[in-house]
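Report on the structure given below.
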Amino acid sequence: TNTSFYEIRATRFGTDYDSNPGRLRDTTTVVTFGGVGFDEGPFGFQPYPSFGVGGMRMGVGMSNSRDSSRTVAYSLKADYTNQLNRYLEIKTGAEFNLTDSEVNYGNFDIYLPAGNSWSYWDRSPTRGGAYVQGKLDFQGMIANVGLRLDYFKAGGEWYVIDDPFTPALSAARAAGLDTLLSQSPTKFITALSPRLAVSFPITSSSKLFFNYGHSRSMPDPNNLFLLRPNTFTGQIVRVANPNNPLPKTVDYEIGFEQALLDQYLFKVAGYYKDVALEPDLITYSSRDGQTSYSTTEPNNFADIRGFEITLSRMRGKWLQGFVNYTYMVATSGYFGFSSISQNRTAQREYEESDAVRRAASSRPVPQPYARLNLDFLVPADFGPEFAGGRPLGGWRASVITTWQAGAKYTWAGGGSKPGVLNNTQFRDNWNVNLRFAKNFQVRGRRAQFFIDVFNVFNRRTLTFNGFVDGNDQNDYLRSLHLPESPDYPNIPGDDRIGAYRKDGVDYQPMIGITSRDEVASPKTQAIYWESESRAYLEYRGGQWQAVEKARLNQLLDDKAYIDMPNQGFLTFLDPRDIYWGVRLTF
């Protein structure tokens, strides 16, 4: 009708994986060099160890993942909107989703079977929802009030575990699990979610707004259907729980918007998000050690709060864009204990552990970020006409700049200290990306020429992927000149984690000491920082002497003292990338 309309959508989406290995390697001699025979390696799949140059063992722990899963998701959604009068609009709708899920994936190593795992299920979970929403628009005040009903059913039956330490899950009895444990139909889980959004005009160019709402998220399939045995022993090590409640999020937002000069919009908003009923893996262990498995329980929580300030220009002939600053603080944790032992003594010691109590909740750690997005526009009719077009017109240059404060990190000199948490910080992370684009017509079709430049200034961000092992990582962290602190023995300075030695600069070890008298055998190659005198010293000609100032300043500027990761090719993984191409739209 003139005041109502409806919309119906039906979709089907499927995936089919086949990541199994190819043909086996021919291990017979296929070529001879200097009287020595070689097989066809590295071609062909080789599940057993092979030996290469210098006796290096190859082919173990590689290409072990397998996945032959097939899933098909069907969705049907209908919405109906009716404008009852000039003030009130009603919108209702419903949706139904069915997933045909045949999952079969794992990790298999013939040579090292103890680490194998296998995950599989064949289920058809259903989920759906229905909502009703009213929109009231009266003299500039707009209010949206709604209620949503969500439901979920994992489908089929699932095991009933009355005794969490049941021997039915042990290696000796797991083969007869279907007869040892009863099964019951999975629960039909429902949840109601109210929603409210209100906007109040203050003046002709400003408003206050408030948003409040509940939402539910669908669970991870691994937490619904997974019954994972240890393929080496047969013991059940993971049991899903399809009857857990749906994770719940409650959002609050209050803010203010002001239009400026008919082209700009200033917005400031504060928000709070409360997340509850998140799944957490709980490990149960029997007294005799025969039963030990993990299952999910809705024990995790999190809350996120902060504020954001945004200035945007959505209209403009030559320039559009926005700048945003967001300050956000997150806290997370869990209730209860993540490990439950039938052995009362072991459980009591675990519960009284200070580390367990500290891990139950995280301290609030702010990590603000900012974004700047500028679009420089050239009107399509700009410049002289050539060959039926205007080569200087229609260009768009977009500059996207991001910044985020460095994450907190715990560093106590290579070990742990009670009460020391988040005492150091990574370098701030910022980046600039650039895009040039021009739209034009090719035989009546729309086309676009573009150039994308990622990491325009080729900024280097050190990653921990370059460390060979924990010792390599600790060597790097100990070499940094971090801000002075009793938490660690580092030489004091203004470094943050992520600092790196300048390219082409030789490594110059610097060692922190309390006094030169404690050094029995000074290293002539090293520079020492003496905390008593707060001076840099070196041992030359059988005596201690101060490091020449100009040389020392150069070493500190070049950060020659930083012991870089031993795998340099994995240390910086975000080089400048340039892509260009043409996009045709039919």
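The values are calculated or read from the model by the stated rules, or taken from the named source; none is laboratory data. A quick note: this is a predicted structure, and the numbers were derived from the prediction, not measured. A quick note on method: Cβ atoms are made from the backbone with ideal geometry, for glycine too, and the neighbour counts reach across all protein chains shown. Note: accessible area is taken over every heavy atom of the protein model, side chains too, but ligands, DNA and RNA are not part of it. Shrake-Rupley method; radii C 1.70, N 1.55, O 1.52, S 1.80 Å.
Over 22 Å between Cα atoms: which of K91/K153; K135/K248; K502/K549; K267/K408; K77/K187 fall into that group? Let's see the in-between values first.
Working: K91/K153 26 Å; K135/K248 25 Å; K502/K549 19 Å; K267/K408 29 Å; K77/K187 24 Å.
In this structure, K91/K153; K135/K248; K267/K408; K77/K187 exceed 22 Å between Cα atoms.
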For the pair D122 and E548, how long in nm is the line joining their label points, each one 7 Å along Cα→Cβ? 7.9 nm
Highest mean first, what order results for 466-473, 353-360 on Cβ atoms within 10 Å? 466-473, 353-360
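Rolling a 1.4 Å sphere over the protein heavy atoms, what is the accessible area per residue of the chain, to the nearest Å²? Each step should come with its number before you reach the end.
Details: 34500 Å² over 586 residues.
Per-residue value: 59 Å².
So if the hydrodynamic radius of the chain is defined as the Kirkwood radius over C-alpha pairs, what does Stokes-Einstein give as its diffusion coefficient at 37 °C and 0.692 mPa s, in µm² per second? Numbers along the way, then the final one.
Working: Rh = 31.1 Å.
Rounded, D is 106 µm²/s.
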Go through M328, M314 and list them by solvent-accessible area, largest first, probe radius 1.4 Å. M314, M328
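Summarise the accessible area of the chain (1.4 Å probe, protein heavy atoms) by the percent that is carbon and sulfur. Could you put the intermediate results ahead of the total?
Numbers: 19220 of 34500 Å².
Whole-percent figure for carbon plus sulfur exposure: 56.
Full extension from W580 to D494: what is 0.36 nm times the residue separation minus their Cα-Cα distance, to one decimal in nm?
Numbers: separation 86, 0.36 × 86 = 30.96 nm, distance 4.00 nm.
Net length gain for the segment: 27.0 nm.
Using a Förster distance of 25 Å, how high is the FRET efficiency between A114 and A359, based on the Cβ-Cβ distance and rounded to 0.05? Mind showing how you got there, number by number?
Values: r = 28 Å, r/R0 = 1.11.
The value I calculate is 0.35.
Helices from the chain with mean Kyte-Doolittle at least -0.5 and a Cα length along the axis of 27 Å or more, per DSSP H: which? Mind showing how you got there, number by number?
Values: long enough: none.
The qualifying helices: there are none.
If packing is taken as the average count of other Cβ atoms within 10 Å, what order do 107-115, 429-437, 240-248 fall into, highest mean first? Don't skip to the answer; put the middle values down first.
On the way: 107-115: 13.0, 429-437: 15.8, 240-248: 19.6.
Ranked by mean Cβ neighbours within 10 Å, highest first: 240-248, 429-437, 107-115.
Which whole-number percent is the relative contact order of region 435-586 (Cα, under 8 Å, 6+ apart)?
On the way: 253 pairs, mean separation 55.0, N = 152.
Averaging sequence separation for qualifying contacts and normalising by length gives 36 percent for region 435-586.
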